[in-house]
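Below is one structure, written out as structure tokens; the observations come after it.
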There are 2 protein chains.
Amino acid sequence: MKKWKRSTRLVDMTQQLTLQPHRLISLSEFANRYQAAKSSISEDLAILHEVFHQEGYGWLETVSGAAGGVRFIPKTTREKAEEIAERLCRQLESPDRILPGGYLYLSDLLGDSLMVRDIGRIWATVFAEERVDAIMTVETKGIPLAYATAGLLGVPVAIVRRDSRITEGSVVTINTVSGSSRRLGSLSLSRRSLKEGSRVLIVDDFMKAGSTVRGMMDLCREFQAEVAGVGVMAELLAQERLVDQYYSLVTVAEVDERERRIQVLKGNLFSGEAFTWKS
Amino acid sequence: MKKWKRSTRLVDMTQQLTLQPHRLISLSEFANRYQAAKSSISEDLAILHEVFHQEGYGWLETVSGAAGGVRFIPKTTREKAEEIAERLCRQLESPDRILPGGYLYLSDLLGDSLMVRDIGRIWATVFAEERVDAIMTVETKGIPLAYATAGLLGVPVAIVRRDSRITEGSVVTINTVSGSSRRLGSLSLSRRSLKEGSRVLIVDDFMKAGSTVRGMMDLCREFQAEVAGVGVMAELLAQERLVDQYYSLVTVAEVDERERRIQVLKGNLFSGEAFTWKS
């Protein structure tokens, strides 16, 4: 723009902040961009903050001091998150989803790029206050959820493979035993795709007993990485559980293959004990 | 918000439009949301359009008439796209990427969620004028690029698998022959993950002779779907080419395993013949 005014600044700042979530932008950077006084920029930011907060888009976090500035933290509200969880429950309860062996068909839901984006926003909200350096997931269906979350937290993604491919270079491989079927498997992560000492958020689509998530936690240890949290879209109500701390968006309480009935409830994100939503 | 003013409307409209790309929003919807006259809304939209256009965020497309409204088309500029292509060239030329067999290590680049988002924006720009109903890609590394594009075009993603899994339900499988190594393979797509008659944009990370892309085009035919276009992040300069029409962001001209040298150039998106950038 040749000449910025408050009206055009407000539009541009909204874009700049939402395109760079979690990045600290200094007031000077804005003042230079818009050729405006820092006091005007502060007033603009107050307007943005009011709208973001009231309409549930997220927060503007102000960091004071010489190295200070402002940071956009994308968030959603408990209401919107519950609405998404309820929609997911209804969609998952369709008997058409039952596949042989009691598996559930999920690919259509995970193919819905807007639904995926909404779920990513929920994880970005839940883990907004954690230090997260990277997202970890396992191929294939966890990948879209991982990227949707990573984009809003402004961090990279490390994709764990079930088979190690030549295109991954040197990898670290661990063995897993499936908690539900006692099947043996392995998980591999390319050496170069996760920095040692990272704080890692694990994101996946479906958790039964949790052996895959447990495997990813073990892989983190191999990289001297710390687990910042675990978020799964759907968990199956299981007797035996290999993971203690995790958040779930929905809980599949029952899959009755014979009666072709699926019962799905909201996950522990809404149970009150697991997570406290701020307003 | 209890009471909307122009300043708060501008911030909120920017969010509403960018969160729902390619969706037609009527002036009445905005007028209701903000309790404002349509003439005020039109003035607001003119301000948004000016900033979006001048700063290269995209376009506001106005549809007139009773069923009319406004639609946000996210776009990037040729300058920004070239900047991303050049950054990608430099990153790909690092000799560390050479893996046995002349493969290139790409996972770190595709793990960079911001880079992935930028590339998605390029495909959303290139195919903005096409009717696209769905994005198709193949597991694993094409998935992030497919979702980044799909989110900006507001369409779903269909993920093609190299092995068919029980969790996919009934699938359509075709056989492929790799153009480079003559290896046999197969590609499967779940019946439910693509509507018949869709117009499909194929997105992938790396194309050698093009047998995988060719396979996806054949799969489209099985679904009575039409190919709206093909976009690959990187293509290898190949003698034999199984696909005629595609766009590439960068071209890997040479991988010399012995000398450990990689030469990467900007792709056909910038060659002038393949694609015409609008300003």
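The values are calculated or read from the model by the stated rules, or taken from the named source; none is laboratory data. Bear in mind that the values here come from a model prediction, so they are computed numbers and not experimental data. Because the Cβ atoms are built from the backbone with ideal geometry, glycine has one as well, and the counts that use them run over all protein chains shown. Remember, those area values only see protein heavy atoms, side chains included, never the ligands or the DNA or RNA. Shrake-Rupley method; radii C 1.70, N 1.55, O 1.52, S 1.80 Å.
Between a first residue in segment B:233-250 that is open to solvent by 40 Å² or more (accessible area, probe 1.4 Å) and among the aromatic types (F, W, Y) and a second residue that is at pLDDT below 95 and not in a strand (DSSP E or B), which pairs have beta carbons less than 9 Å apart while being 6 or more apart in sequence or on different chains?
What qualifies is B:Y247/B:A274; B:Y247/B:F275.
Given the conditions (1) free of Cβ contacts under 8 Å to residues at least 12 places away in the same chain; (2) surrounded by 22 or more Cβ atoms within 10 Å (Cβ to Cβ), and given that B:R221 satisfies all but one, which numbered condition is not satisfied?
(2)
Are any residues in segment B:156-182 more than 20 Å from A:D163 (Cα to Cα) and within 7 Å of chain A (Cβ to nearest Cβ), and if so, which ones?
Selection gives B:P156, B:V157, B:A158, B:G169.
Report yes if some residue within segment B:136-153 is more than 21 Å from A:S190 (Cβ to Cβ), within 7 Å of another protein chain (Cβ to nearest Cβ), part of a helix (DSSP H, G or I) and hydroxyl-bearing (S, T, Y); otherwise report no.
Within segment B:136-153, not a single residue is more than 21 Å from A:S190 (Cβ to Cβ), within 7 Å of another protein chain (Cβ to nearest Cβ), part of a helix (DSSP H, G or I) and hydroxyl-bearing (S, T, Y).
Among the residues of segment B:149-163, what is the count of those that are over 12 Å from A:S107 (Cβ atoms) and out of contact with any Asp or Glu (no Cβ under 8 Å at 6 or more places or on another chain)?
Number satisfying all stated conditions: 7.
Check B:E93 against each of (1) within 23 Å of B:L269 (Cα to Cα); (2) buried (at least 19 other Cβ atoms within 10 Å of the Cβ) and name the one condition it does not meet.
B:E93 satisfies every listed condition except (2).
Quick check on A:I119: is it under 24 Å from the mean Cα position of the chain (by Cα) and more than 10 Å from chain B (Cβ to nearest Cβ)?
In short, yes.
Among the residues of segment B:221-231, is there at least one that is at pLDDT 95 or above, in the same structural domain as B:V132 (by TED's automatic domain parsing) and assigned to a helix (DSSP H, G or I)?
yes
Test each condition in (1) at pLDDT below 95; (2) among the hydrophobic types (A, V, I, L, M, F, W, C); (3) in contact with a His (Cβ under 7 Å, 6 or more places away or on another chain) for A:I73 and report the one that comes out false.
If we test A:I73 against (1) at pLDDT below 95; (2) among the hydrophobic types (A, V, I, L, M, F, W, C); (3) in contact with a His (Cβ under 7 Å, 6 or more places away or on another chain), just (1) comes out false.
Would you check if B:R191 is open to solvent by 10 Å² or more (accessible area, probe 1.4 Å), in the same structural domain as B:R90 (by TED's automatic domain parsing) and under 30 Å from B:P95 (Cβ atoms)?
No: the conditions fail for B:R191.
I'd like to check something: does segment B:9-16 contain any residue that is open to solvent by 40 Å² or more (accessible area, probe 1.4 Å) and within 14 Å of chain A (Cβ to nearest Cβ)?
So far as segment B:9-16 goes, no, none of its residues is open to solvent by 40 Å² or more (accessible area, probe 1.4 Å) and within 14 Å of chain A (Cβ to nearest Cβ).
Would you check which residues across segment A:49-75 are touching a strand residue (DSSP E or B) at 6+ places or on another chain (Cβ under 8 Å), open to solvent by less than 60 Å² (accessible area, probe 1.4 Å) and under 19 Å from A:L153 (Cβ atoms) and list them?
A:F52, A:Y57, A:G58, A:L60, A:V63, A:G69, A:V70, A:F72, A:I73, A:P74, A:K75
Which condition does A:I98 not pass, out of (1) within 25 Å of B:M136 (Cα to Cα); (2) at pLDDT 95 or above; (3) open to solvent by 10 Å² or more (accessible area, probe 1.4 Å), if it passes all the others?
(2) is the only condition that A:I98 fails.
With respect to the numbered conditions (1) within 13 Å of another protein chain (Cβ to nearest Cβ); (2) modelled with pLDDT of 95 or more; (3) open to solvent by 30 Å² or more (accessible area, probe 1.4 Å), which one is the sole condition not fulfilled by A:G197?
A:G197 satisfies every listed condition except (1).
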